[in-house]
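Structure, as structure tokens:
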Amino acid sequence: MAAASFSEIPALASAPRLTDSYGRTIHDLRVSITDRCNYKCVYCRTGELGAQYPELEISEYLRLIALFVSLGIAKVRLTGGEPLLRHGLLDLVRALARLRTIAGRPLDLALTTNGHLLDSLARPLKDAGLNRITVSMDAVDAPTFERITRVPGSSQAVLSGIRAARAAGLTPLKVNCVLLRGFNDDQIESFARFARDEDVVVRFIEFMPLEEGRLWSPEIVVPLREIVDRIQRVLPLVELPAREASETARRYGFADGRGEIGIIAPVTQAFCGACSRLRLTSDGKIRTCLFSQVEHDLYGRMRAGSSDDELRAYILRVIERKEARHHIGESGFLKPSRSMVHIGG
Ligand code: SF4
């Protein structure tokens, strides 16, 4: 039976929801559309540069994503490597914006980028139907930023990209900063001011052992408590309630009401109990957790001729095996089979 075109894939109102064996409902899919990147961040790219995994055709991502949506996915985040490098990105966003969730609503469509190419793409992405954007930025001052990315001129490019995205209405605009002690922890206070001055939500992320090399250690992690204490000393904060149970960031507003920050603390305050995420790698494999040791070859089955119903059944079986949580810092912890650049955020 020929595969339905993605827009013909019906939402299965009666389909079993994407619920794992711990009772968590999965509604958030992160799709890497390339593992290529135009940055060489020192804590991420310590191995071989360049693509290491194949990319699917845009139409193939569409078919796979539509299957997940027909099972209950309501949020899709496009990631990489660097997704703005991917040819056909605007067509992909346009097509995803036409999809409807099983509740009949438009998808919540987001994208994570390093922002280098965003200045010229922000408006076209918004016009294509993108709702939100997150920019990864690990320093406010240009010398530190370019020491981390190892790309001259990258600091100004990202700042222009952020301003273009805000002007295009890709808001609330989030800026993610991975903090490493001794690399960029001196940026905490200036990032708090940056959040207020640029009207963006800066989210600090505790460094996870997902790099290519062997950089990670507990000592290099800047924990949530320390980040809050340091900002409190210069700009008083008030904790804000989570918008939903599966929100990964702890939210803080500035006491004077001007601006917000977030802290994603997977190492010291893990949030696996409410995890609602699933990942699809650039070569079409399902990862049920960032730290999975195994992957599930959905694309391989599609290429082998599986029907949409067979692929849906496979997805449901895979979800049942989603890991309970990560084991960072515990004896016996194993690094995941892929590093972050090859998984996507
Ligand atoms: S570590 Fe795995 S289970 Fe925990 S929040 Fe992340 S993806 Fe979910």
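Full-extension gain between residue 181 and residue 94, please, as 0.36 nm times their residue separation minus the C-alpha to C-alpha distance. Working shown, then result.
Values: separation 87, 0.36 × 87 = 31.32 nm, distance 4.04 nm.
Going from the current span to full extension adds 27.3 nm.
How big is the gap, in Å, between the Cα center of segment 103-144 and the Cα center of segment 303-345?
25 Å
Along the Cα→Cβ direction, 7 angstrom out, place labels at residue 331 and residue 255. What is the inter-label distance in nm?
4.5 nm
With both bridge residues required to lie in the chain, what share of the DSSP beta bridges run antiparallel, to the nearest 5%? Let's see the in-between values first.
Working: 16 of 46 bridges.
Rounded to the nearest five, the antiparallel share is 35 percent.
So, taking all protein chains as they sit and a 1.4 Å probe, how much accessible area belongs to residue 340, in Å² rounded to tens?
50 Å²
What lysines could a cross-link reach from residue 75, if we take a straight Cα to Cα line under 17 Å and drop same-chain neighbours fewer than 8 places away?
Counting by Cα, and skipping residues close in sequence, residue 75 has these lysines nearby: 126, 174.
Whenever you get a sec, compute what percent of the accessible area on segment 6-343 sits on carbon and sulfur atoms (1.4 Å probe). Kindly include the intermediate steps, with their values, before the conclusion.
Numbers: 7030 of 13690 Å².
In segment 6-343, the share of accessible area belonging to carbon and sulfur is 51 percent.
Which Cys residues of the chain have no other Cys beta carbon under 4.7 Å away?
37, 177, 272, 275, 289
Can you grab the distance from the C-alpha centre of segment 154-173 to the C-alpha centre of segment 16-40, Å, no decimals?
25 Å
Based on DSSP H runs of at least 4 residues, each adding -39500 (n - 2.57), what is the mean residue ellipticity at 222 nm of the chain after dividing by all its residues, to the nearest 500 deg cm²/dmol? Show your work: numbers first, answer last.
Details: 9 runs with 96 residues, N = 345.
Rounded to the nearest 500, it is -8500 deg cm²/dmol.
Normalised by the number of residues in the chain, what is the relative contact order in percent for Cα pairs under 8 Å and 6+ residues apart? Numbers along the way, then the final one.
Details: 695 pairs, mean separation 71.7, N = 345.
Result for the chain is 21 percent.
If we count GluC sites (Glu not before Pro) as exposed when they sit in a DSSP loop and have at most 13 other beta carbons within 10 Å, what is the longest stretch of the chain that avoids them all? Working shown, then result.
Working: sites that count: 48, 57, 244, 330.
Of all site-free stretches, the longest is 58-243.
So how far, in whole Å, is the C-alpha centre of segment 55-89 from the one of segment 246-293?
19 Å
For 309, 229, 28, give me the order by solvent-accessible area with a 1.4 Å probe, most accessible first, ignoring ligands, DNA and RNA. Please list the in-between numbers first.
Working: 309 100, 229 70, 28 15 Å².
Final ranking, largest accessible area leading: 309, 229, 28.
Using the heavy atoms of the protein chains alone and a 1.4 angstrom probe, what is the accessible area of the chain per residue in square angstrom? Mind dumping the intermediate values first?
Values: 14150 Å² over 345 residues.
Solvent-accessible surface per residue comes out at 41 Å².
Take the Cβ-Cβ distance between residue 307 and residue 147 as r, set R0 to 56 Å, and report the resulting FRET efficiency rounded to the nearest 0.05.
Once the sixth-power term is evaluated, E becomes 0.65.
Which loop-located trypsin sites (Lys or Arg not before Pro) does segment 19-77 contain, where loop means any DSSP state but H, G, I, E or B and the Cβ has at most 14 other Cβ atoms within 10 Å?
Numbers: sites: 24, 30, 36, 40, 45, 63, 75, 77; in loops: 24, 36, 40, 45.
Passing sites in segment 19-77 are 40.
Restricting everything to alpha-carbon atoms, can you work out Rg to Rh for the chain with a Kirkwood hydrodynamic radius?
On the way: Rg = 19.5 Å, Rh = 20.6 Å.
My calculation of the ratio gives 0.95.
The values are calculated or read from the model by the stated rules, or taken from the named source; none is laboratory data. Not measured: the values here are computed from a predicted model. Glycine gets a Cβ as well: all are built from the backbone with ideal geometry, and neighbour counts include every protein chain shown. Just so you know, the surface numbers come from the protein's heavy atoms only, side chains and all, with ligands and any DNA or RNA stripped out. Shrake-Rupley method; radii C 1.70, N 1.55, O 1.52, S 1.80 Å.
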